[in-house]
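No value in this document is a laboratory result; all are computed from the given coordinates. All values derive from a computational prediction rather than experimental measurement. We place every Cβ from the backbone using ideal geometry, glycine too, and count neighbours over all the protein chains shown.
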Amino acid sequence: MAVQNGKPVGAGVGARRRQPSLAQLRAFAAVAEHLHFRDAAAAIGMSQPALSGAVSALEETLGVTLLERTTRKVLLSPAGERIAVRAKAVLDGVGALVEEAEAVRAPFTGALRLGVIPTVAPYLLPAVLRLVHETYPDLDLQVHEEQTSSLIEGLGAGRLDLLLLAVPLGVPGVSELPLFDEDFVLVTPLDHWLGGREGIPREALRELNLLLLDEGHCLRDQALDICREAGRDDAPVATTAAGLATLVQLVAGGLGVTLLPRTAVSVETSRSSQLLTGYFAEPAPARRVAFAMRTGAARSAEYEELAKALRTALRGLPVRVLGPQG
């Protein structure tokens, strides 16, 4: 061994430094996110003792204290806050590496974690599932129904790969693949003066008792935007519902009227004989539905091909199918 100044060359701090394992980083990142050992262990499928040991081993490897532990809670130390950011970046990079390898190995194989909003899932998933079954039989499609904010968080965190939802999102780092536009229609009780009419002016919404979905649903926000465009300043929120099925039943019971996207009409209005559907004058209020993916995703070519195939599969629905650029 070479000797310099009386010391073996390569025997310095850098040569003795150990490297943290991915398991240690994953355990610490989970604790940093949840600030709770039991919740963190459950989130990554690890036993609580194993997770605690992994975090302790990481602290020993790095030579810093990452957590401040008390009997009631867990806090990040100043060093832990800085290391948590780096740990997440490393894990994201490893996830991207694995995703890239899967995409190179064979397109449309392995898992595809698809997030869908509740006001799209029941009406489009039959077409999506049929397309995947018939055209991409080796693709392991995993569906997660969540509200928009949760889906966007999941996409950014790498928990989800692709989203199917209403756009625009306006989220940095997220690219949209437009699929179709669809009109909103007015659903009313049988005895309502607008029931079954065509050419309804948007201004009629100013005076209607409009029933809405709960906070967090993008369809609620779209309905409020339509009302504002019609000149209505107040927010009609006397009665709300968690889903479209309940909303339509409230209409059938005479509590008011509501707006439904065209893809939902046949499913939801078939549940009751006490409903009529009215159609707005052109241009009718509408929403756009698209795929959303992380910009530069390793499987972006697959997602674009899937979007192209789905546009063709949706031509039988009451929507206006779009091209790749919308």
Original post:
Which residues' amide hydrogens lie under 5 Å from the amide hydrogen of ALA286, considering only partners 5 or more residues apart or on another chain, with H built in the peptide plane?
Top reply: PHE184
**OP:** Could you work out the relative contact order of the chain, using alpha carbon pairs under 8 angstrom and six or more residues apart, expressed as a whole percent?
**Re:** 20 percent
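Which value, in debye to the nearest 20, describes the size of the charge dipole of region 142-249 about its Cα centre when Lys and Arg Cβ atoms bear +1, Asp and Glu Cβ atoms bear -1, and nothing else is charged? Show your work: numbers first, answer last.
Details: 7 positive and 19 negative charges, 21 e Å.
Dipole about the Cα centre, nearest 20: 100 debye.
Using helices alone, I'd like the mean residue ellipticity at 222 nm for the chain: each DSSP H run of four-plus residues gives -39500 (n - 2.57), total over residue count, nearest 500.
Values: 11 runs with 136 residues, N = 326.
-13000 deg cm²/dmol, from helical runs alone.
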**OP:** Determine ³J(HN,Hα), in whole Hz, for all residues of region 183-191 in sequence, where each value follows from phi through the Karplus function 6.51 cos²θ - 1.76 cosθ + 1.60 and θ = phi - 60°; x replaces Gly and Pro.
**Re:** 7, 8, 10, 9, 9, 10, x, 4, 8
**OP:** Return the sequence-ordered ³J(HN,Hα) values of region 107-113 in whole Hz as given by the Karplus equation 6.51 cos²θ - 1.76 cosθ + 1.60 applied to θ = phi - 60°, using x for Gly and Pro.
**Re:** x, 6, 10, x, 7, 10, 8
**OP:** Could you work out the local net charge near GLU302, counting Lys and Arg as +1, Asp and Glu as -1, over the other residues with Cβ closer than 14 Å to its Cβ?
**Re:** -3
Subject >> Residues whose placed amide H lies under 5 Å from that of PHE180, excluding near-sequence neighbours >> reply: VAL289, LEU322
Original post:
Of ALA313, THR258, ALA284, which is farthest along the charge dipole of region 235-326 in the positive direction, counting Lys and Arg as +1 and Asp and Glu as -1 at C-beta?
Top reply: ALA313
Subject >> Förster radius 22 Å - calculated FRET efficiency between ARG82 and ASP39 (Cβ-Cβ, nearest 0.05) >> reply: 0.45
**OP:** Any chance you could check the Cα centroid distance between region 171-234 and region 241-294 for me, in angstrom?
**Re:** 9 Å
**OP:** Taking amide H positions as placed in the peptide plane 1.01 Å from N, state which residues far from LEU212 in sequence (5 or more) or on other chains have amide H under 5 Å from it.
**Re:** THR239, ALA241
